[in-house]
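Peer 1: Right, I'll just put the structure down here and ask away after.
No value in this document is a laboratory result; all are computed from the given coordinates. Predicted model only: the values in this text are computed from it and were never measured. Using ideal geometry, Cβ is built from the backbone for each residue, glycine included, and neighbour counts are taken over all protein chains shown.
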Amino acid sequence: MGYYINEIKSTGKIAVDDTILVKGTPATAGSKMLENFTPLFSAEVVEKLEKAGYGISGKTNVGEFGLDLMGETSYFGANEADGKLVSAAASLVKDGAVTAALNVDLNGAPRRAAAVAGVDFLKPTYGTVSRYGVIAAACSGEQIGVTAADADAVKEILTVIAGHDDKDGTSLPAEKYDYEAVEVSGMKIALVKELYDLASDEVKANLDKYIASLKALGATVETVSLDCVKEAQTAWQILMSAETTNNLSRFDGVKYGHRTADYKNIDELYVKSRTEAFGFLTKATIIYGSDVLAKGKYESCYDKSLRIRRVVTEKIKAVFAQYDVILAPACKDVEYKAYDLMDSFEKVFEESVFTAIPSITGVPAMVTKGVQLIADSYKDNVLLSIAKSVEGLEA
């Protein structure tokens with residue numbers, strides 16, 4: 001399987017996930033359900049890039065609706081190299097084929113991909129980049145971010161695409177955002193013990209090396225305990241699944257998406273169309289999301305998860321009252337091999353413990369040098385400054 005589902009311009013230097021709309025180019029979201037869908041308009045971020053003179057190279061292969069680890073559930077096939085899973089977008093950036101890629105971070109896939117590939121990815125503060133023109137799954141947490149080779153390239157593209165958009169109901173009011181560099185010396189960094197302990201020895205080695213670089217730059221790194229990581233993981237799984245269930249309900253073979261060729265009544269049309277078109281992980285997510293939204297479980301599952309979101313946000317804010325940035329792994333391992341996709345629901349949930357906090361709270365997170373940095377809302381520039389300083393130190 002190639003990295004592109006559809007190539008657009010050979011001279012283009014920006015790749016975009018196939019969950020982001022480009023006018024006149026098919027947008028599949030990695031699913032058979034949308035195999036023949038061609039949008040009539042482009043996403044706001046695409047229009048901003050094109051107006052600024054950036055050409056779009058093509059639509060990159062993604063896992064179905066962005067729910068998986070690194071694209072392995074794509075209807076068009078997983079991308080692999082030397083028997084290991086790789087991300088299409090991160091690989092294009094790593095190989096220098098594009099300057100940057102736009103990715104939708106729904107459940108941490110672009111962050112894991114960047115960590116494995118050794119490139120940078122920034123999931124910006126929720127609402128600072130328009131989501132208009134994204135094939136939505138979990139609206140309250142998914143966010144368009146930027147993958148690039150280094151912090152300067154991330155900043156360059158982020159500066160173009162960030163800003164208010166009237167067409168997006170979740171867009172924040174500022175027209176532009178300031179990503180001015182700040183001094184790293186004197187910063188206090190919190191290393192999350194619970195997440196560090198869950199990582200493999202190779203990932204721990206990356207974190208230890210990064211900590212040494214931070215200290216060389218004059219920052220202080222302290223280990224802290226954050227007792228809400230498991231709760232954030234479970235609550236985000238519930239909220240993400242519930243929202244995905246709701247958003248994907250429109251793909252029924254009637255209003256949108258694949259329609260089965262053989263049916264006798266409307267119920268059979270719905271069931272067979274969705275059965276044929278959705279992959280296992282998407283089906284499992286929909287079933288789980290339907291269950292937590294059921295009358296008997298709504299308050300104990302979905303409503304409780306909304307309250308946990310508030311608690312997690314408050315605990316994170318308390319950490320940021322004492323520290324500038326949180327340091328954590330982006331994933332458990334430094335590489336992933338192909339696996340039985342019937343295990344994908346459990347496998348993705350297990351990995352989401354490392355990425356759930358930024359997803360459920362909306363705070364910015366950046367993966368660089370194989371580690372994850374998390375900052376308070378609107379502190380994206382702090383993440384970029386740290387990443388650039390360490391990259392300069394290790395150059």
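Peer 1: Hey, how many Å between the Cα centroid of the range 193-271 and the Cα centroid of the range 280-336?
Peer 2: 8 Å
Peer 1: Among 339, 126, which comes first, then next, by fewest other beta-carbon atoms within 10 Å?
Peer 2: Ordered from fewest to most neighbouring Cβ atoms within 10 Å, 339, 126 come out as 339, 126.
Peer 1: As a test, work out the antiparallel percent of DSSP beta bridges whose residues both lie in the range 115-239, rounded to the nearest 5.
Peer 2: Around 45 percent antiparallel, to the nearest 5.
Peer 1: Sorted from fewest to most neighbouring beta carbons within 10 Å, what does the list 350, 299 look like?
Peer 2: 299, 350
Peer 1: In debye, nearest 20, what is the charge dipole magnitude of the range 169-295 about its Cα centre with +1 on Lys and Arg Cβ and -1 on Asp and Glu Cβ, if you could check?
Peer 2: Roughly 440 debye, rounded to the nearest 20.
Peer 1: Okay, next question. Under a point-charge model restricted to the Cβ atoms of Lys and Arg (+1) and Asp and Glu (-1), what is the dipole moment magnitude of the chain relative to its Cα centre, in debye to the nearest 20?
Peer 2: In total the dipole reaches around 580 debye.
Peer 1: Pull up the cross-link candidates among the lysines for residue 295, meaning alpha carbon to alpha carbon under 18 Å and not fewer than 8 places away within one chain.
Peer 2: 304
Peer 1: Another question, if that's okay. Kindly provide the helix-only [θ] at 222 nm of the chain, computed as the sum of -39,500 (n - 2.57) over DSSP H runs of four or more divided by all residues, to the nearest 500 deg cm²/dmol? Walk me through the intermediate numbers first.
Peer 2: On the way: 13 runs with 148 residues, N = 395.
Calculated mean residue ellipticity at 222 nm is -11500 deg cm²/dmol.
Peer 1: Rounded if a/c is under 1.5, else prolate if a/b beats b/c, else oblate: with a ≥ b ≥ c from the C-alpha gyration tensor eigenvalues square-rooted, which is the range 279-345?
Peer 2: In terms of gyration-tensor shape, oblate.
Peer 1: Can you sort 165, 82 by how many other beta carbons sit within 10 Å, fewest first?
Peer 2: The most exposed by this proxy come first: 82, 165.
Peer 1: Also, I was wondering about something else. Compute the FRET efficiency between residue 216 and residue 52 as 1/(1 + (r/R0)^6), taking r as their Cβ-Cβ distance and R0 = 45 Å, and round to the nearest 0.05. The partial results should precede the final answer.
Peer 2: On the way: r = 36 Å, r/R0 = 0.80.
Calculated transfer efficiency: 0.80.
Peer 1: How do the peptides 27-39, 351-363 rank, highest first, by the average count of neighbouring beta carbon atoms within 10 Å per residue? Please list the in-between numbers first.
Peer 2: Numbers: 27-39: 21.0, 351-363: 25.2.
The packing order, highest mean first, is 351-363, 27-39.
Peer 1: Tilt of helix 201-216 relative to the longest C-alpha principal axis of the chain, in degrees (0 to 90, nearest 10)?
Peer 2: The two axes meet at around 40 degrees.
Peer 1: While we're here: Mind scanning 123/215; 51/188; 123/204; 13/272 and naming the pairs with a C-alpha gap bigger than 31 Å? List each step's numbers first, then the result.
Peer 2: On the way: 123/215 25 Å; 51/188 39 Å; 123/204 22 Å; 13/272 40 Å.
Result: 51/188; 13/272 exceed 31 Å.
Peer 1: Which trypsin sites (Lys or Arg not before Pro) from the range 143-241 combine a DSSP loop assignment with at most 15 other Cβ atoms within 10 Å? Numbers along the way, then the final one.
Peer 2: Values: sites: 155, 167, 176, 188, 193, 204, 209, 215, 230; in loops: 167, 176.
In loop regions of the range 143-241 (DSSP not H, G, I, E or B), the sparsely surrounded trypsin sites (Lys or Arg not before Pro) are 167, 176.
Peer 1: Just to be sure I follow: if Rg is taken over the C-alpha atoms of the range 236-374 and Rh is the Kirkwood radius over the same atoms, what is Rg/Rh?
Peer 2: Radius of gyration over Kirkwood radius for the range 236-374 works out to 1.06.
Peer 1: If you stretched the chain out fully between residue 180 and residue 266, how much longer would it get, using 0.36 nm times the residue separation minus the C-alpha to C-alpha distance?
Peer 2: 25.4 nm is the gain from fully extending residue 180 to residue 266.
Peer 1: To the nearest µm²/s, what D does Stokes-Einstein give for the chain at 10 °C and 1.306 mPa s, using the Kirkwood radius over alpha carbon pairs as Rh?
Peer 2: 76 µm²/s
Peer 1: Right, another one. Using Cα-Cα distances under 8 Å and only pairs 6 or more residues apart, what relative contact order does the chain have, in percent?
Peer 2: Details: 890 pairs, mean separation 79.1, N = 395.
20 percent.
Peer 1: If you take the beta carbon distance between residue 276 and residue 38 as r and set R0 to 25 Å, what does 1/(1 + (r/R0)^6) give as a FRET efficiency, to the nearest 0.05?
Peer 2: Once rounded, the FRET efficiency stands at 0.80.
Peer 1: By how many nm would the segment from residue 290 to residue 230 lengthen if fully extended, with 0.36 nm per residue of separation less the alpha-carbon distance?
Peer 2: Additional length available on full extension: 19.4 nm.
Peer 1: Cα gyration tensor of the range 114-245, axes a ≥ b ≥ c as square roots of the eigenvalues: rounded (a/c below 1.5), prolate (a/b > b/c) or oblate?
Peer 2: Oblate, since a/c reaches 1.5 and b/c is not below a/b.
Peer 1: Here's a follow-up. Applying 1/(1 + (r/R0)^6) with R0 = 22 Å to the Cβ-Cβ distance of residue 84 and residue 204, what FRET efficiency is obtained, to the nearest 0.05? Walk me through the intermediate numbers first.
Peer 2: Details: r = 20 Å, r/R0 = 0.90.
FRET efficiency, residue 84 to residue 204: 0.65.
Peer 1: Calculate, in nm to one decimal, what residue 306 and residue 256 gain on full extension: separation in residues at 0.36 nm each, minus their alpha carbon distance. Display every interim value, and only then the final one.
Peer 2: Details: separation 50, 0.36 × 50 = 18.00 nm, distance 2.97 nm.
Length gained between residue 306 and residue 256: 15.0 nm.
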